[in-house]
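Data first, discussion second: the structure below is written as structure tokens.
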Amino acid sequence: MIKVGIIGGAGYTAGELIRLLINHPEAEIVFINSSSNAGNKITDVHEGLYGETDLVFTDELPLDKIDVLFFCTAHGDTKKFMESHNLPEELKIIDLSMDYRIASPEHDFIYGLPELNRRATCKAKHVANPGCFATCIQLGLLPLAKHLMLNNDIMVNAITGSTGAGVKPGSTSHFSWRNNNMSVYKAFEHQHVPEIKQSLKQLQNSFDADIDFIPYRGDFARGIFATIVVKTKVALDEIVRMYEEYYAKDSFVHIVEKNIDLKQVVNTNKCLLHLEKHGDKLLIISCIDNLLKGASGQAVHNMNLMFNLEETVGLRLKPSAF
């Protein structure tokens, strides 16, 4: 069994991670660290886990008792922890914050998008889990980058559920404001754009186009639905072939001939892609569950790869399609 520790256990991503791991046939949670909740039952915070677990939050860190440590911490906190603690040499780390997503000589974290860096992830000791928007958008673009087809500015509109803002209440996640409402935020300046560009440049070294990304807040709890527009004269059937070939060995990305909707992926680790051609414009529709494929599901996927397990173990989940 893979012995697991979790730091930052009270948020939405941690709740989903705990749910996945307590049902994972090859994993055992040793501790869930949360200083503010130490001594409380997990179900006091994650009430959806009633009847699933008797685990209790702890403020202790028995790092020598685990094989892998997940960070479900605020941005900046993983780096602070890494710099202030002596970690066991063989301990594997999966970080769900954005602290190590950008490659640097100062760290050895692998960018953990399996559809891009599967081989490196399998050998990695430290993995930086991608951002949710970044995952959804990259999966819509990677096959084009592989074929050196991203030579013009890319237009992206994407809407995310309220869980993307985290568990701490705020003015834009308040039900009275969010319900029956919609708004734009961080237009052209979203923090996930640099990691998207990094991945595209990894496949297409010449890539230097702008990604005109406009994120929206949606009046639903979970999921990301993105529309991407790229200029190309290549025929649709040839593009579909490129996508099917690129994702042929990937268990969670599916090219769908019919138009897609968000409920087809909610509560799963899937990404669905639908492609359409309108003149010289290629429309790519991409959707994921922000808490699973965009966070905790992808983290478990990375754990499976790091411990040489079949990648779908613990991740065969039914979508909330109705």
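Mean-square fluctuation check for the chain, GNM, Cα pairs under 10 Å: which of M149, M303, M98 is largest?
It is M149.
Which one of A321, H190, F70 is farthest out on the positive end of the charge dipole of the chain, using unit charges on Cβ (Lys, Arg +1; Asp, Glu -1) and the Cα centre as origin?
A321
Once you've got the GNM for the chain with C-alpha springs shorter than 10 Å, pick whichever of H278, H301, H85 has the biggest mean-square fluctuation.
H85
Loop only per DSSP, at most 15 neighbouring Cβ atoms within 10 Å: give me the trypsin sites (Lys or Arg not before Pro) in the stretch 85-171, ordered by residue number.
Those satisfying the criteria are K125.
Taking 8 Å as the Cα distance limit and 6 or more residues as the minimum spacing, I'd like the relative contact order of the chain as a percentage.
18
For a quick check of your reading of the filter: which GluC sites (Glu not before Pro) in the stretch 243-320 sit in a DSSP loop and have no more than 15 other Cβ atoms within 10 Å?
Of the GluC sites (Glu not before Pro), the ones in loops of the stretch 243-320 whose Cβ has at most 15 other Cβ atoms within 10 Å are E257, E310.
Treating the beta-carbon of each Lys and Arg as +1 and of each Asp and Glu as -1, no other charges, what is the dipole magnitude of the chain about its Cα centre, to the nearest 20 debye?
Charge dipole, the chain, about its Cα centre: 620 debye, nearest 20.
Kindly report the accessible area of the chain per residue (heavy atoms of protein chains, probe 1.4 Å, no ligands, DNA or RNA), in Å².
On a per-residue basis, 46 Å².
Test of understanding: what is the full-extension gain from A209 to H174, defined as 0.36 nm times their sequence separation minus their Cα-Cα distance?
Contour length minus Cα-Cα distance gives 9.0 nm.
Using alpha-carbon pairs under 8 Å, 6+ residues apart, how would you state the relative contact order of the stretch 130-286 in percent? Present the calculation step by step, with values, prior to reporting the outcome.
Working: 270 pairs, mean separation 48.9, N = 157.
So the answer I get is 31 percent.
At what distance in nm do the modelled label points of S35 and E244 sit from each other, each positioned 7 Å from its Cα along Cα→Cβ?
For the pair S35/E244, the computed spacing is 5.4 nm.
Which of T232, N181, T268 sits farthest toward the positive end of the charge dipole of the chain, with +1 on the Cβ of Lys and Arg and -1 on the Cβ of Asp and Glu?
So the residue we want is T232.
Counting only Cα, what are the radius of gyration and maximum Cα-Cα distance Dmax of the chain, in Å?
For the chain, the Cα-based Rg and Dmax read 19.3, 61 Å.
Which trypsin sites (Lys or Arg not before Pro) does the stretch 218-322 hold that lie in a coil by DSSP with at most 11 other beta carbons within 10 Å?
Passing sites in the stretch 218-322 are K233, K249, K258, R316.
Output the relative contact order of the stretch 79-220, whole-number percent, from Cα pairs under 8 angstrom with separation of 6+ residues.
26
If you line up the long axis of helix 193-203 against the longest principal axis of the chain, both from Cα atoms, how many degrees apart are they, to the nearest 10?
That works out to roughly 70 degrees.
Can you give me the % of accessible surface on the chain that is carbon or sulfur? Probe 1.4 Å, all protein chains present, nothing else counted.
So the carbon and sulfur contribution to the accessible surface is 50 percent.
Leaving ligands, DNA and RNA out of it, work out the accessible area of V193 with a 1.4 Å probe and give it in Å² to the nearest 10.
Accessible surface of V193 is approximately 20 Å².
For the stretch 1-159, what value does the Rg/Rh ratio take when both radii are computed over Cα atoms and Rh is the Kirkwood radius, given to two decimals?
1.01
Calculate the length of the line joining the C-alpha centroid of the stretch 180-219 to that of the stretch 10-85, in whole Å.
30
Please determine, in degrees from 0 to 90 and to the nearest 10, the orientation of helix 12-22 with respect to the longest principal axis defined by the Cα atoms of the chain, where the helix direction is its Cα long axis.
Rounded to the nearest ten degrees, it is 70.
At a probe radius of 1.4 Å, what is the per-residue accessible area of H147, in Å² to the nearest 10?
70
222 nm [θ] for the chain, helices only, -39500 (n - 2.57) per DSSP H run of 4+, per residue, to 500?
Values: 9 runs with 84 residues, N = 322.
Calculated mean residue ellipticity at 222 nm is -7500 deg cm²/dmol.
The values are calculated or read from the model by the stated rules, or taken from the named source; none is laboratory data. A quick note: this is a predicted structure, and the numbers were derived from the prediction, not measured. Cβ atoms come from the backbone with ideal geometry, glycine included; neighbour counts cover every protein chain shown. Heads up: the accessible areas ignore ligands, DNA and RNA and are worked out on the full protein's heavy atoms, side chains in. Shrake-Rupley method; radii C 1.70, N 1.55, O 1.52, S 1.80 Å.
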